[in-house]
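In what follows, a structure is listed as structure tokens, so that the remarks can point back to it.
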Amino acid sequence: MALIVQKYGGTSVGSVERIQSVAKRVRETVRGGNTVVVVVSAMGKTTDGLVGLAKQISPNPSRREMDMLLSTGEQVSIALMSIALQELGQPAISLTGAQVGIVTEAEYSRARILEIKTERMQRHLEQGKVIVVAGFQGISSIDDLEITTLGRGGSDTSAVALAAALKANLCEIYTDVPGILTTDPRLVPEAKLMDEITCDEMLELASLGAKVLHPRSVEIAKHYGIPLVVRSSWTDEPGTKVISVMPKPRPLVGLEIAKAVDAVEFDTDQAKVALLRVPDRPGIAARLFGEIARQNVNVDLIIQSIHEGNSNDIAFTVVENVLGKAEAVAEAIAPALRSHPANTQEAEVIVEKQMAKISIAGAGMIGRPGIAAQMFNALSAANVNIEMISTSEVKVSCTIAQDDCDRAIQTLCEVFEIQDSPMCANPHNIALESPNAPPVRGVALDINQAQIAIRHVPDRPGLAAQIFGILAEKNISVDTIIQSQRCRIVNDNPTRDIAFTVAQVDAEMARTVLEALALQTGCGEVKVDTDVAKVSIVGSGMVGQPGVAARFFEALAKEQINIKMIATSEIKVSCVVTEEDGVKALKAVHEAFNLAK
Ligand code: ASP
Ligand code: MG
């Protein structure tokens, strides 16, 4: 007999008929010999409707009252679902988040779950009842009885957290699509259903705006090893499995705020090749990385920074023993990128040896902006200068000088309380989860991004820490951080430009705090561009496989799409393009990787 948590989204409970049909499915599951806990969302577009009502009264309603208001939607669904079950002769009881004892932080509208009491649920389950729990809500502390919500889409998180607390055998997320698709089917009708995806891949895709699963639910599934399935509530098709390797046991207290970083990794075998001042036009990255792929050289991080005037810098890292080959390719291509082959002011190739990469790995890094800032801070306190930065939901990596590596490892292990020995970066660890993973599992488009650039940031340890520290204080998540390769001397001091992307809603707040910081620290202008879109490819199979990024760039080049920024992490490559090119880029890339049905 299994304990199963089933979550039904808004569309699945959007009408009386649908509630009745869900109730039948629940009863069938019980008849199959299982114990069932059901989590439901508000009916249909109820939550949007409630938001609309509040906005008619105030443009800026208090977050406490919004939580009070929005949490009512789920209360309607649980009662109706429980009535529907009882009507079928299935004993059932509905419970609000407070009645269950879903204890959260006292952070209205984006509370994280601290703990879930299970006594009352156990009691009802022993009586043979189905428990119907209101998703998306909790209570800040048992004494205050403050109602909190987990953030829009948070019912998925309620369900997976309940599965963790109850040590359920399975958590099923029922929705109005057949499972997780290779991309957004509204934009690309050829999008194909996946049989499975790893938690890490899903985290990257979820944070990139694939709205199938609330990213925090995937974080919990990864941390507690919850078997998770996303499937359609209209059919009996198996849907998509979200898989992970069995994690080390963790306490259930502090459920969603426990350690985000579970390992420090390093690689002391890195070298960097950079091309400075290459023309800003479509096709350059495709040409460079296409040739490198033909030489069968595997590149690790790739970054292309914001362009200045009409030129870009592109840099990438490789393992040291193929540096010679990589450099030769760059040198061979460079003359063709210049307006005159002899004009070495353009497309200048520089290499740097003896570099190391140091990373913190875990889940939910972008969602918790303080983590990356804490890493930069620790490195700066240890006087380690950061060369390149790459961020993703599951990893933040910095390239540094090899000589600094031991110091960096030590300080990061201390700061993030890592007791086990740090891991030497090993691509096979990633392959373990899903040995036959394709190089690209899915592609995503995020049009709600803004690109921010800070010019002339003094090149000394500590500035990245300050910049991302103040953004973290404002709870602004940052993605795709890039530090320019070019070093410019301003008032006798070397400076670099730093660029990154944030959610568009955070752009103005980011500008305000950064302009103040720029004044204080002697940085240059802060530029904000909201006319951008980010296209990303995600797949664990791309690790150690040459040519994946090149194929991405070639697909964009074929469509004459100019790339504004490139950033990669181990299982993700992202390009920032103009917003206008977003959908075209998504389609081209989806096709280039043969993801269509
Ligand atoms: N009803 C809430 C929302 O629309 C939570 C959920 O459906 O997951 O955001
Ligand atoms: Mg949802």
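Values in this text are rule-based calculations from the coordinates and carry no lab data. Computed from a predicted model, the values in this text were never measured in an experiment. Neighbour counts are summed over all protein chains in view; Cβ atoms, including those assigned to glycine, are modelled from backbone coordinates with ideal geometry.
Some observations on this one:
- Each pair of Cα atoms in segment 427-498 enters the Kirkwood radius, and Stokes-Einstein at 37 °C and 0.692 mPa s then converts it into a translational diffusion coefficient of 210 µm²/s.
- Dipole of segment 223-375 computed with +1 at Lys/Arg Cβ and -1 at Asp/Glu Cβ about the Cα centre; of Gly254, Gln270, Ala361, farthest Cα towards the positive end is Gly254.
- Label separation (Glu87 vs Arg407): 7.0 nm, computed from points 7 Å beyond Cα along the C-beta direction.
- Residues listed by number, segment 538-560, amide nitrogen under 20 Å from Ala328 label point at 7 Å toward C-beta: 546-547
- Highest mean first, the peptides 218-227, 369-378 sorted by other C-beta atoms within 10 Å per residue fall in the order 218-227, 369-378.
- Added length on full extension, which subtracts the Cα-Cα distance from 0.36 nm per residue, Ala106 to His340: 78.0 nm
- Nearest 10 degrees, 0 to 90: helix 370-381 Cα axis against the chain principal axis: 40
- Dipole size of segment 1-86 about its Cα centre, with +1 on Lys/Arg Cβ and -1 on Asp/Glu Cβ: approximately 180 debye, rounded to the nearest 20.
- Charge dipole of the chain about the Cα centre (unit charges at C-beta), most positive-ward option of Cys523, Thr512, Thr104: Thr104
- Pairwise FRET efficiency - Arg123 versus Asp195, Cβ, R0 = 45 Å, nearest 0.05: 0.75
- Assuming charge only on the beta carbon of Lys and Arg (+1) and of Asp and Glu (-1), the dipole of the chain about its Cα centre is about 1220 debye to the nearest 20.
- Antiparallel content of DSSP bridges confined to the chain, in %, to 5: 75
- Angle between the chain longest axis and helix 323-337 axis [Cα atoms, degrees, rounded to 10]: 70
- Label point 7 Å beyond Cα of Met423 along Cβ direction - residues of segment 194-216 with amide nitrogen under 14 Å: 199-201
- Counted over all Cα-Cα pairs of segment 311-353, pairs farther apart than 13 Å make up 54 percent.
- Sequentially through segment 234-250, phi angles give Karplus couplings (6.51, -1.76, 1.60; θ = phi - 60°) of 9, 10, 9, 4, x, x, 10, 8, 9, 10, 7, 7, 4, x, 5, x, 10 Hz, Gly and Pro residues having no value and appearing as x.
- Lys/Arg +1, Asp/Glu -1 at C-beta; the chain dipole; positive extreme among Ala84, Ile131, Ala453: Ala84
- Helix 16-31 vs. the chain, principal-axis angle (Cα, 0 to 90°, nearest 10): 80
- Calculated mean residue ellipticity, 222 nm, the chain: -10500 deg cm²/dmol, from DSSP H runs (n ≥ 4) at -39500 (n - 2.57) each, averaged per residue and rounded to 500.
- Between amide H atoms placed 1.01 Å from N, distances below 5 Å from Lys129 occur with no residue 5 or more places distant or on a separate chain.
- Segment Glu559..Thr578, full-extension length gain: 5.5 nm, with 0.36 nm per residue of separation and the alpha-carbon distance subtracted.
- Alpha-carbon spread of the chain, three principal axes, descending order, Å: 84, 51, 50
- Nitroxide proxy distance, nm - points 7 Å out along Cα→Cβ at Thr512 and Arg63: 1.5
- Rg [Å, one decimal], Dmax [Å, integer] - segment 390-545, C-alpha atoms: 17.9, 54
- Under-5 Å amide H pairs with Gly522, H placed in peptide plane, nonlocal only: none
- Per-peptide average of other Cβ atoms within 10 Å, ordering 327-340, 450-463, 405-418 highest first: 450-463, 405-418, 327-340
- With both labels modelled 7 Å from their Cα along Cα-to-Cβ, the Asp531 to Glu17 distance reads 4.7 nm.
- Couplings for segment 106-116, taken from phi via the Karplus curve 6.51 cos²θ - 1.76 cosθ + 1.60 with θ = phi - 60°, read 8, 10, 4, 6, 8, 5, 9, 7, 9, 6, 10 Hz in order; Gly and Pro are left as x.
- Share antiparallel - DSSP beta bridges, segment 5-131, percent rounded to 5: 30
- For the set Lys395/Lys584; Lys7/Lys597; Lys558/Lys584; Lys241/Lys587; Lys357/Lys474; Lys45/Lys241, the pairs lying more than 19 angstrom apart at their alpha carbons are Lys395/Lys584; Lys7/Lys597; Lys241/Lys587; Lys357/Lys474; Lys45/Lys241.
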